[in-house]
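The values are calculated or read from the model by the stated rules, or taken from the named source; none is laboratory data. Everything numeric in this text was worked out from a predicted model, so none of it was measured. With ideal geometry, Cβ positions are generated from the backbone for all residues, glycine too; neighbour counts draw on all protein chains shown.
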Amino acid sequence: MNHYARINLKEREQIAELRFKGKSIRKIAEKLNRSPSTILRELSKGYSRNSFINYSALDAQVISQKNESSRNSGKLKLQKHIKLRKFIKSKLELKWSPEQIAMSLKENLPNGITEIISHQTIYTYIYLLPRGELKKELQNYLRRKMKPYKKSKNTDNRGKIPDMISIEERPKSVEKRSIPGHWEGDLIIGKNHKSAIGTIVERTTRNVILVPLTSTDADTVRKCFAKELKRLPKELRLSMTYDQGKEMSYHKLFTRDTQMKVYFCHPGSPWERGTCENTNMLIRDYFPKKTDFNNISRQELKKVQKLLNDRPRKTLAWKTPAEKIKEVLR
């Protein structure tokens, strides 16, 4: 089986000529003995406006050479710069993504580091390492893709909450994230469904609170959630969006204790609490499935909470949730 070779100038000239003649992607692929997906990627790279029609072989070649030079330059930086490699490894250990690391370097270079690199360079460096313990270790730090969400067949704990306020009654300002103080909540269940922790995420700042729980009954959950939230200033306690789990059956008492209205999502609609769902995936990096939360101390839980809130986020223009919550409190 032949190894993949990048498209060269001669092939780009053929693509431009055949495209000008109106040939389809499949016909061009057959002519060049390439896969249709390769031709499609080449035409989709945006070398010129409306590349599918006005594809320029010369423009494509120049940009491709620049990109190749940039990739090689980045790899060389990492090979020569020990401090840069150590910095990247330290952030990978904290579950930062390569993109978060690259943006952190761009915003604020640590002492002894003078180079800025792209997240693509970090990925390339890791995957081009020779086989061995270092490569295996660094690859393990990279975030894994989560399995698609599957609706639970067990609906026993849904739809039995009295006096629920539907998410449809939630103010539009909450959906727009224009005002901080609106939270989303959930439980992360531990091994054999015998333990759990609570997760509460602020929609605007993405600040997360991890809640230790001794039980998942409604009284314990509402008391523990309220205890954590009452540490916050009143202006940051406006509402909570939750699913229809029985653990929030005492939502009226929770509202009495915190002055926060609770809005309930439609059944089987996790996207209505998308911020919390995404945060739960990050938390699972630290506490994988089958974790027994009875063995996780409050101190360990709060350490992970701090790590998450100190991690720069793309959706926050590369600021951290901790920085954003401080801006709100000024």
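Is there any pair linking a residue in segment 10-32 that is free of Cβ contacts under 8 Å to residues at least 12 places away in the same chain to one that is part of a helix (DSSP H, G or I) and surrounded by 15 or more Cβ atoms within 10 Å (Cβ to Cβ), with Cβ under 6 Å and at least six apart or on different chains, and which?
As it stands, the answer is A29/I39, since those pairs meet every condition given.
Output yes when any residue across segment 114-128 is among the small types (G, A, S) and at pLDDT below 70, and no when none is. Before you say what the answer is, go through the steps one by one.
Quick first cut of segment 114-128, residues among the small types (G, A, S) only: 118.
Then drop every residue that is not at pLDDT below 70, which leaves none.
Scanning segment 114-128, I find no residue that is among the small types (G, A, S) and at pLDDT below 70, so the answer is no.
Kindly indicate which of Q61, Q65, Q14 is at pLDDT 60 or above and under 20 Å from S118 (Cβ atoms). Spell out how you get there, then give the answer.
Working: Q61 fails: under 20 Å from S118 (Cβ atoms); Q14 fails: under 20 Å from S118 (Cβ atoms).
Just one listed residue meets the conditions, Q65.
Restricting attention to segment 81-110, report how many residues are closer than 14 Å to T121 by Cα and among the small types (G, A, S).
Final tally of qualifying residues: 2.
What do you reckon, is K306 of a type outside the set (F, W, Y), over 14 Å from the mean Cα position of the chain (by Cα) and not in a helix (DSSP H, G or I)? I'd like the intermediate steps shown before the answer.
Values: of a type outside the set (F, W, Y): yes; over 14 Å from the mean Cα position of the chain (by Cα): yes; not in a helix (DSSP H, G or I): no.
Taking the combined requirement at face value, the residue does not satisfy it.
How do the strands (runs of 3 or more DSSP E) wholly within segment 171-248 filter down when requiring 2 or more residues that are over 18 Å from E300 (Cα atoms) and touching a Phe, Trp or Tyr at 6+ places or on another chain (Cβ under 7 Å): which remain?
Working: elements: 182-189, 196-202, 208-212, 239-242.
Passing ranges, in order: 196-202, 239-242.
Show the residue pairs meeting these rules: Cβ distance below 9 Å; 6+ apart or different chains; first residue within segment 310-330 and touching a residue at least 60 places away in the same chain (Cβ under 8 Å) and farther than 16 Å from S97 by Cα; second residue assigned to a helix (DSSP H, G or I) and acidic (D, E).
From residues that are touching a residue at least 60 places away in the same chain (Cβ under 8 Å) and farther than 16 Å from S97 by Cα, the pairs are V328/E235; L329/E235.
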